[in-house]
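Asker: Below: one structure in structure tokens.
Readers should treat all values here as calculations from the given coordinates under stated rules, not as data from a laboratory. Since the structure is predicted, the reported quantities are computational estimates derived from the model, not experimental observations. Cβ placement follows ideal geometry from the backbone for every residue including glycine, while neighbour counts extend to all protein chains displayed.
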Amino acid sequence: MNKLMFALLILLIFVSSALLLFNWNYIVDIKYVNMKVKADDIFGINVNSTSLDFGRTSLGSQVSREINLTNNFKFAVTAKIMNSGNITPFVSVSQSEVNILPGEKVTIAYFVDIPIDAVKGEYVGQSRVVFMRRSI
């Protein structure tokens, strides 16, 4: 009986390890994108292509910017988007998690909604895009 229990335990450990190995998502890259908006009475555009600078935005308005995510790996990845900073309550994204095939490019839209009763000033933060190898 003890030999049978031991054999079943070994088999269970082997199967569990194999499942973890083949279904494990692991991080292959992380990209950081700075974000900034100035809530004001006037509207102004910033065309900076190295950050998500939403420029000057009137209270009660919405502005948007886009980024392109390209999978240059030879395997599928999942991109997860997480935002931080005092700009976060005003930011939403078209997709917070997206699967990307090898060679595929996906466009993610970022929206900033400044409420009419927001405090005027500059709001900043960072968007972190984590690329994870997709499980099988």
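Asker: In percent, how large is the relative contact order of segment 25-133, given Cα pairs closer than 8 Å and 6 or more residues apart? Intermediate results must be reported in sequence, preceding the final value.
Answerer: Details: 273 pairs, mean separation 44.2, N = 109.
Reported as a whole number, the value is 41 percent.
Asker: Taking a threshold of 23 Å on the Cα-Cα distance, which of the pairs Lys36/Lys80; Lys36/Lys74; Lys38/Lys105; Lys36/Lys120; Lys80/Lys120; Lys36/Lys105 fall above it?
Answerer: Details: Lys36/Lys80 20 Å; Lys36/Lys74 34 Å; Lys38/Lys105 30 Å; Lys36/Lys120 13 Å; Lys80/Lys120 30 Å; Lys36/Lys105 25 Å.
Those over the limit are Lys36/Lys74; Lys38/Lys105; Lys80/Lys120; Lys36/Lys105.
Asker: What percent of all Cα-Cα pairs in segment 25-133 falls in each 10 Å bin, counting up from 0?
Answerer: 15, 45, 27, 12, 2
Asker: Follow-up. I'd like the chymotrypsin sites (Phe, Trp or Tyr not before Pro) in segment 71-119 restricted to DSSP loop residues with at most 13 other Cβ atoms within 10 Å, sorted by number. Present the calculation step by step, with values, prior to reporting the outcome.
Answerer: Values: sites: Phe73, Phe75, Phe90, Tyr110, Phe111; in loops: Phe73, Phe75.
Here the sparse-neighbourhood loop sites are Phe75.
Asker: Can you compute the FRET efficiency between Ala109 and Ile30 using 1/(1 + (r/R0)^6), with r the Cβ-Cβ distance and R0 = 22 Å? Round to the nearest 0.05. Walk me through the intermediate numbers first.
Answerer: On the way: r = 21 Å, r/R0 = 0.94.
With R0 = 22 Å, the Cβ-Cβ based efficiency is 0.60.
Asker: At most 15 other Cβ atoms within 10 Å and a DSSP loop assignment: could you name the GluC sites (Glu not before Pro) in segment 30-125 that fit?
Answerer: Glu104
Asker: With unit charges on the beta carbon (Lys/Arg positive, Asp/Glu negative), name the residue among Val130, Ser64, Ile116 whose Cα is farthest towards the positive pole of the charge dipole of segment 25-133.
Answerer: With unit charges placed on the Cβ atoms, the residue in question is Val130.
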